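Novice: Sharing a structure with you now.
The values are calculated or read from the model by the stated rules, or taken from the named source; none is laboratory data. This structure is a prediction, so every number in the text was calculated from the model and none was measured. These area figures cover heavy atoms from the full protein model, side chains too; ligands, DNA and RNA do not enter into them. Shrake-Rupley method; radii C 1.70, N 1.55, O 1.52, S 1.80 Å.
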Amino acid sequence: EANRSGLSTFMTEQAARENELRGFMMCMSSNNAQGVMTAFNRAGTSFVGAYKNLLENITRNEWGYQGLVMTDWTASEKNPGEHAECILAGNDLIMPGHSGAKKELTAALKSNKISRRDLELAAANVLNVIFTSNVWEIEK
């Protein structure tokens, strides 16, 4: 836990695919996982919660993942200014959703840094998990 927000991992994409990402790929490409949490640290110089190549290009476009992606608890608080980048990168749920995140996302929406469509897509991914879960099953 010590200095986990300061940790930065450097590796080639090939090494990541052959090692660290392999287990995630098996779970996410079959859509057995309905939700994943992004890491607190950085991959190279990019905060993992705002790393579009990983969250959008690899998991959703390449692996076909359809579940929700959420930040680690308070991870985006440690990286001020990155809430909009999290949404643009494919992160659907910023935890714990504090007032600073709301203000930043509202400002980003007003300045056209993010679009209403970006927020709707994130919300749709969250709702899809809720509606396809067993939370709606009623015991008789």
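Novice: With θ set to phi - 60° and the Karplus curve 6.51 cos²θ - 1.76 cosθ + 1.60, what are the ³J(HN,Hα) couplings of segment 99-104 in order, to the nearest whole Hz, using x for Gly and Pro?
Specialist: Once θ is set to phi - 60°, the couplings for segment 99-104 become 5, x, 5, 4, 5, 5 Hz.
Novice: Let me ask something additional. Give me the percent of the accessible area of the chain that comes from carbon and sulfur atoms, probe 1.4 Å, all protein chains in place. Intermediate results must be reported in sequence, preceding the final value.
Specialist: On the way: 4800 of 8650 Å².
In the chain, the share of accessible area belonging to carbon and sulfur is 55 percent.
Novice: With a probe of 1.4 Å, find how much accessible area segment 36-140 has per residue, and write the answer as a whole number in Å².
Specialist: Details: 5920 Å² over 105 residues.
Counting only protein heavy atoms, the per-residue value for segment 36-140 is 56 Å².
Novice: What's the Kirkwood radius of the chain in Å, using all Cα pairs?
Specialist: On the way: mean 1/r = 0.0632 Å⁻¹.
It is 15.8 Å.
Novice: Can you give the Rg/Rh ratio of segment 60-140, where Rg is from the C-alpha atoms and Rh is the Kirkwood radius? Before the final figure, lay out each step's value.
Specialist: Values: Rg = 14.2 Å, Rh = 13.7 Å.
My calculation puts Rg/Rh at 1.04.
Novice: By how many nm would the segment from residue 120 to residue 106 lengthen if fully extended, with 0.36 nm per residue of separation less the alpha-carbon distance?
Specialist: On the way: separation 14, 0.36 × 14 = 5.04 nm, distance 1.35 nm.
Extra length available between residue 120 and residue 106 comes to 3.7 nm.
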